[in-house]
Every structure is written in C-alpha cells, then in structure tokens.
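Colleague: My questions all concern the structure below.
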Amino acid sequence: MSDYKPVANSQVTLTELMIPSYSNFGGKIHGGIILGLMDKVAYVCAAKHADGYCITASIDVVDFLAPVEVGEIVSLMASVNYVGKTSMIIGIRVISENLKTHVIKHTNTSYFTMVAIGEDNKPKEVPALILKSRDDIRRFFQAMNRKELKNTYKKDEAMLKQTAYEHHSFMDALSRERCKIEFE
Ligand SMILES: CC(C)(COP(=O)(O)OP(=O)(O)OC[C@H]1O[C@@H](n2cnc3c(N)ncnc32)[C@H](O)[C@@H]1OP(=O)(O)O)[C@@H](O)C(=O)NCCC(=O)NCCS
C-alpha cells in the first residue's frame, strides 16, 4: 500500500538578502539568480517529501512580474502541489520585501516538476499526498489540469515539428511580422 504524507510536512520557505553582486548592469537583480533560488527551494521541498535525492525534470513558464532591487529580502515559498508516481509538482511563490518601506511585491510564481531518484539511479515512487486544507485541494486540482494542458501542448508541439514547411506557404503570415527575408 502507498505511503501518504501531508503537504505541510515538506512546505519550505527560503529567504535571501539581495546583495549587489546579484545585480545586472541596470542595477536590478538578475533573473538567473531568482531562477537558481527557485530551483533550490523546489529541490528542498521535493527531497523532503521523497526522503531523498530528486532531479528537476521540467520548469513551467516563469513570468517576472516585478523587478527585484538590491537590498530587498526575497522569500520563496514552496509546497508539493501534486504527486504522480515518481514525480512531484512543486508550486513556488516568490515575494520580495523592501525593509525600509515594508512594501511587499509578488515577483514570480512557477511550477517545477521534480522526479525522485533511487539508489539504482532510476525514478522511484514517492509518497501520495494527504490534502488537509482547501488550498491543498485547489492546488492539487489545478496542477492536475495544468498537467493535462501541458500534455496537449506537447502533442501539438510534436505535430508542429512533423509539419513539412514549404516557405512560400507561410510568406503571407511572415509579411505581417517584423522581419524581412533576404535569401543568400
Ligand atoms: C527526468 C528523468 C529522470 C525522467 O526519466 P525517464 O526515464 O523519462 O523516466 P519516466 O519516463 O519513468 O518518468 C518519470 C517521471 O517523470 C515525469 N517526467 C519525465 N519527464 C518530464 C517532463 N519533461 N515534464 C514533466 N514530467 C516529466 C514522468 O511523467 C514520470 O512521472 P510519474 O512517475 O509521476 O508518472 C530524465 O529525463 C532525466 O534524467 N532528465 C535530466 C534531468 C536533469 O538533468 N535535470 C537537471 C539537473 S537536476
């Protein structure tokens, strides 16, 4: 029989001060720094749920909703939203806080798919989830639907790759875009 664990057992928050070396030429924090922290917090959350080593299989769209400034405190809250057999979808919400003004911004939300890996280096089964709150149930249901949408997208993408392109068939569409064709 499957082992079960509550969502709360692996919920984790990572808090980090945004130091000058994290900034880009425009003085804002590099997107890559935030992505790295998101991967880290996703790992901790997944590894706590799976009781062991995990790897990142996929990262959903990450929209940068607001810039993060040097000196702000960034907090990344992660929880297991959904589990399959060996995979877990970790929802991550990122906020940043200005310690002088106490203004809090929601800067990113994304979903990382992490896979638990066993001693044999193969995916291993993870505990099922005990959903104890309305939020737990909503997140599980939304993740289920997002997974379905992603599978549909993957099929469309595979079809797109198989389509034989004859360039003259899409010249009209390209003519409405900001490009020009200069064949060599
Ligand atoms: C992720 C990985 C282990 C999957 O291995 P695999 O042999 O395809 O294993 P499976 O087909 O059994 O898939 C295992 C699980 O991962 C899920 N999975 C695999 N690829 C996925 C993807 N791109 N997106 C979402 N889920 C994925 C499968 O749906 C399956 O989930 P389930 O067991 O809950 O149903 C393998 O592709 C891999 O090692 N990728 C490289 C990972 C990596 O290097 N990450 C960066 C550094 S951590």
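The values are calculated or read from the model by the stated rules, or taken from the named source; none is laboratory data. None of the values given here were measured: they were computed from a predicted structure. Please note: Cβ atoms are built from the backbone with ideal geometry, for glycine as well, and neighbour counts cover all protein chains shown. All accessible areas refer to the heavy atoms of the entire protein, side chains included, with ligands and DNA or RNA removed. Shrake-Rupley method; radii C 1.70, N 1.55, O 1.52, S 1.80 Å.
Colleague: Find, among the trypsin sites (Lys or Arg not before Pro) in region 65-137, those assigned to loop by DSSP (not H, G, I, E, B) with at most 13 other beta-carbon atoms within 10 angstrom.
Modeller: Values: sites: 85, 93, 100, 105, 124, 132, 134; in loops: 85, 100, 124, 132.
Here the sparse-neighbourhood loop sites are 85, 100, 132.
Colleague: While we're on this one: Enumerate the amide H contacts of residue 124 below 5 Å, restricted to partners 5 or more residues apart or on another chain; note that Pro and chain-start residues carry no placed amide H.
Modeller: 116, 117, 118
Colleague: Another question about this same structure. Just going by the charge dipole of the chain, with Lys and Arg at +1 and Asp and Glu at -1 on Cβ, which of 26, 52, 4 is farthest out on the positive end?
Modeller: Value computed over the given set: 4.
Colleague: With θ taken as phi - 60° and the coefficients 6.51, -1.76 and 1.60, list the Karplus ³J(HN,Hα) couplings across region 134-143 in order, rounded to whole Hz; mark glycine and proline as x.
Modeller: 4, 4, 4, 5, 4, 5, 4, 5, 5, 5
Colleague: Only four residue types carry charge here, +1 at the Cβ of Lys and Arg and -1 at the Cβ of Asp and Glu. Report the dipole size of the chain about the Cα centre in Debye, rounded to the nearest 20. Could you put the intermediate results ahead of the total?
Modeller: Numbers: 23 positive and 22 negative charges, 112 e Å.
In total the dipole reaches around 540 debye.
Colleague: Compute the length gained on full extension between residue 177 and residue 144: take 0.36 nm times their separation in residues and subtract their Cα-Cα distance, giving the result in nm to one decimal. Don't skip to the end; give the middle numbers.
Modeller: Working: separation 33, 0.36 × 33 = 11.88 nm, distance 3.58 nm.
Residue separation times 0.36 nm, minus the Cα-Cα distance, leaves 8.3 nm.
Colleague: Another one. Going through the cross-link list 5/155; 28/105; 122/161; 85/154; 105/147, which pairs have a Cα-Cα distance over 23 Å in this structure? Don't skip to the end; give the middle numbers.
Modeller: Working: 5/155 33 Å; 28/105 14 Å; 122/161 29 Å; 85/154 20 Å; 105/147 28 Å.
Result: 5/155; 122/161; 105/147 exceed 23 Å.
Colleague: Then there is this: Over the chain, what per residue volume does the convex hull of the Cα atoms give, in whole Å³? Could you put the intermediate results ahead of the total?
Modeller: Working: hull volume 39.7 nm³, N = 184.
Considering the Cα atoms of the chain, their hull volume per residue is 216 Å³.
Colleague: Please list the non-local residues whose amide H lies under 5 Å from the amide H of residue 5, H modeled 1.01 Å from N, same-chain partners needing a gap of 5 or more.
Modeller: When sequence neighbours closer than 5 places are left aside, the close amide H contacts are 128, 129, 130.
Colleague: Still on this structure, please answer the following. Per-residue accessible area for residue 51 at 1.4 Å probe radius, Å² rounded to 10?
Modeller: 110 Å²
Colleague: Apply the Karplus parameterisation 6.51 cos²θ - 1.76 cosθ + 1.60, with θ equal to phi minus 60°, to every residue of region 13-28 and state each ³J(HN,Hα) to the nearest whole Hz, in sequence, with x for glycine and proline.
Modeller: Those phi angles translate into 10, 10, 10, 9, 7, 7, 8, x, 5, 8, 8, 9, 5, x, x, 9 Hz.
Colleague: Here is a follow-up. Show me, for region 108-113, the HN-Hα J-couplings you get by feeding each phi into the Karplus relation (A = 6.51, B = -1.76, C = 1.60, θ = phi - 60°), rounded to Hz, glycine and proline as x.
Modeller: 7, 9, 8, 10, 10, 9
Colleague: With only alpha-carbon atoms in the gyration tensor, what are the semi-axes of the equivalent ellipsoid for region 1-45, in Å, largest first? Don't skip to the end; give the middle numbers.
Modeller: Working: eigenvalues 216, 19, 6 Å².
One finds semi-axes of 33, 10, 6 Å for region 1-45.
Colleague: Taking the Cα centre of region 1-103 as origin and charging only Cβ (+1 Lys, Arg; -1 Asp, Glu), how large is the dipole, in debye to the nearest 20? Can you show the working numbers first?
Modeller: Values: 7 positive and 9 negative charges, 25 e Å.
The calculation lands at about 120 debye.
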